[in-house]
1. With the structure loaded, tell me whether L211 is closer than 24 Å to A67 by Cβ, exposed (fewer than 14 other Cβ atoms within 10 Å of the Cβ) and not charged (D, E, K, R) or whether it fails that test.
2. Kindly indicate whether any position in the range 280-302 is in a loop (DSSP other than H, G, I, E, B), out of contact with any Ser or Thr (no Cβ under 8 Å at 6 or more places or on another chain) and surrounded by 16 or more Cβ atoms within 10 Å (Cβ to Cβ).
3. State whether one or more residues within the range 243-252 are surrounded by fewer than 16 Cβ atoms within 10 Å (Cβ to Cβ), among the β-branched types (V, I, T) and closer than 26 Å to R152 by Cβ.
4. Testing D18 on (1) closer than 16 Å to A122 by Cα; (2) among the charged types (D, E, K, R); (3) surrounded by 15 or more Cβ atoms within 10 Å (Cβ to Cβ), one condition comes back false. Which one is that?
5. For residues that are polar (S, T, N, Q) and either closer than 21 Å to W469 by Cβ or at pLDDT 90 or above (or both), tally how many sit in the range 362-389.
6. Evaluate the range 193-204: report whether one residue or more is surrounded by fewer than 14 Cβ atoms within 10 Å (Cβ to Cβ) and assigned to a helix (DSSP H, G or I).
7. What is the one condition in (1) out of contact with any strand residue (DSSP E or B) (no Cβ under 9 Å at 6 or more places or on another chain); (2) surrounded by fewer than 18 Cβ atoms within 10 Å (Cβ to Cβ); (3) touching a residue at least 60 places away in the same chain (Cβ under 8 Å); (4) not hydrophobic (A, V, I, L, M, F, W, C) that G346 does not satisfy?
8. Scan the range 258-277 and tell me whether some residue there is acidic (D, E), within 17 Å of the chain's Cα centre (by Cα), closer than 20 Å to G147 by Cα and not assigned by TED's automatic domain parsing to the domain that holds V138.
Amino acid sequence: MDLLAQVRHFIARQGLLDAGDAVVVGVSGGPDSLCLLHLLMRLRETLDLRLHVAHLHHGARGADADADADLVADLARRYDLPVTISRQDVPAIARQHRLTFEEAARRVRYGFLAHVAAETGARRIAVGHHADDQAETVLMHLLRGAGPSGLRGMLPATPLDAYRLLEGLGGFHLPADPPILIRPLLDVRRAAIEEYCQSWGLEPRFDRSNLDTTHFRNRLRHQVLPLLETVNPNICQRLCHTAQVIAADYELLETLGEQAWATTVSEETAEAIRFDRAAWQRLPLSLQRSLIRQAVYRLRPHLRDVSFVHVENAVQVAQEGAVGAQATLPDGLLLTAERAHLTVAGAGWAPPPSTPSLPAGSAVDIALPGATPLPQSDWVLHAGLLEQWSLADIAANADPWTAYLDAEALAAPLRLRTRQQGDRFRPQGLGGHGPRLADWMINARVPRAQRECLPLLVAGEEIVWVCGWRIAETAAVRPETQRVARFCFSREER
């Protein structure tokens, strides 16, 4: 099969192009992109394609890069194709965003191609990645410790928004409906591309930076893969086959992951994702890892990689960690274990109060009898003195946000406040022993996120109720109690 037939078959099998498609062709001036453009030109009439050439000058390599741009412009004129050429200072962008030059170039280039596609109404962007590039990519991800998402390598077709580009990098913005990046040469070896260029008289430019083995990919290309070929001459083909197998398996994992996400996530916002801990723990390990990765990517869309170590630490905390245990995730995220939930969020995030809470460090005087609204909240504390009561009714109280206290034990002033350094608490059942409140909260498994904002009912200097959790021994109602005060939180619209 000649190269044209091979590529036409690959395009049809992968569904890369439809008749009448407008296609932006990324042309660098190297053999891969010249071969790609020439093949698409030969397929143009058959597939009724509308081609637009795009070239990005990276602001590096001086006169060589200028010559690349001139070659692409001249080629577009000879083919009678429209062309867009743009220049960006990629080295400066890389420094500004603390990226490697290669990563910055990749992100700016894809942003530029998306911009050209939006300007020209194209739904496809064709680039010249080939089988040897695929083998290098799989090997690179393997050596860096990637999961199945990385080991599937490059896909024949990928929506451009899947590449986690930095929005606005280089002044380019992804359109609301991002185009599809296609790789028609992904099944073609580099040697076949070079032979095609020679047989058709194509004269590609040579990028000397591709010889610089200080770059990881170049080192794989010029040193590691040739060494592996001495062990297995078909190493490139084997790596590409591995990518195809893993890509198919990954599709199944994605489907299962979507189903698990729908049944496991209890809350999702732009700031935090919370899993039902018991439901997450029932999942197979593969899906546990997948959901944690997915949470990180949803909260930090610009991230490309989440390391194995990050994920494994988070899995261990989620499986075995005590309440309040945390695992560090990339870009300031933490996984926090709670009694019933696992929360992935930035450091310092606190859930919106679904229970009564106070701003940390605040205090409010209590009206007894009366209703006391909690600041910055729709919760109200209702307090009153009971004319009739019984120990049996009080013992049967199942509402953690309602407390019955001995009114005679409530010294003035009566306040709600949050915890302070040095607080001690004498909980009912400890015979008057008063541990540090911080230690008691840990032992009682009060969620870490609630501790700073949990309301405390304080009579004089005594904490008489850690609201929602425990009353104090000193204020408990006993048979000899004369008067009983009832405190009850309720949620009310202001």
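1. Values: closer than 24 Å to A67 by Cβ: yes; exposed (fewer than 14 other Cβ atoms within 10 Å of the Cβ): yes; not charged (D, E, K, R): yes.
So L211 fits the description; yes.
2. Step one: of the range 280-302, the residues in a loop (DSSP other than H, G, I, E, B) are 282-284, 300-302.
Subsequent filtering for residues that are out of contact with any Ser or Thr (no Cβ under 8 Å at 6 or more places or on another chain) retains 282, 284, 300-302.
Next, from what is left, pick out any that are surrounded by 16 or more Cβ atoms within 10 Å (Cβ to Cβ): 300.
Yes, the range 280-302 contains a residue that is in a loop (DSSP other than H, G, I, E, B), out of contact with any Ser or Thr (no Cβ under 8 Å at 6 or more places or on another chain) and surrounded by 16 or more Cβ atoms within 10 Å (Cβ to Cβ).
3. yes
4. Just one mismatch for D18, condition (3).
5. Within the range 362-389, the first condition is being polar (S, T, N, Q), and the residues that meet it are 362, 372, 376-377, 388.
Now drop any that are not either closer than 21 Å to W469 by Cβ or at pLDDT 90 or above (or both), which leaves 362, 372, 377.
Qualifying residue count, the range 362-389: 3.
6. Scanning the range 193-204, I find at least one residue that is surrounded by fewer than 14 Cβ atoms within 10 Å (Cβ to Cβ) and assigned to a helix (DSSP H, G or I), so the answer is yes.
7. G346 satisfies all of (1) out of contact with any strand residue (DSSP E or B) (no Cβ under 9 Å at 6 or more places or on another chain); (2) surrounded by fewer than 18 Cβ atoms within 10 Å (Cβ to Cβ); (3) touching a residue at least 60 places away in the same chain (Cβ under 8 Å); (4) not hydrophobic (A, V, I, L, M, F, W, C) except (1).
8. Our first condition is that a residue be acidic (D, E); within the range 258-277, this holds for 258, 267-268, 271, 276.
Narrowing further to those that are within 17 Å of the chain's Cα centre (by Cα): 258, 267-268, 271.
Next, only the ones that are closer than 20 Å to G147 by Cα stay: 258.
This time we only want the ones that are not assigned by TED's automatic domain parsing to the domain that holds V138, so: 258.
Yes, because at least one residue in the range 258-277 is acidic (D, E), within 17 Å of the chain's Cα centre (by Cα), closer than 20 Å to G147 by Cα and not assigned by TED's automatic domain parsing to the domain that holds V138.
The values are calculated or read from the model by the stated rules, or taken from the named source; none is laboratory data. The shown structure was predicted, so the numbers you read here are calculated from the model rather than taken from an experiment. Methodologically, a virtual Cβ is constructed for each residue, glycine included, from the backbone with ideal geometry; neighbour enumeration extends over all protein chains shown.
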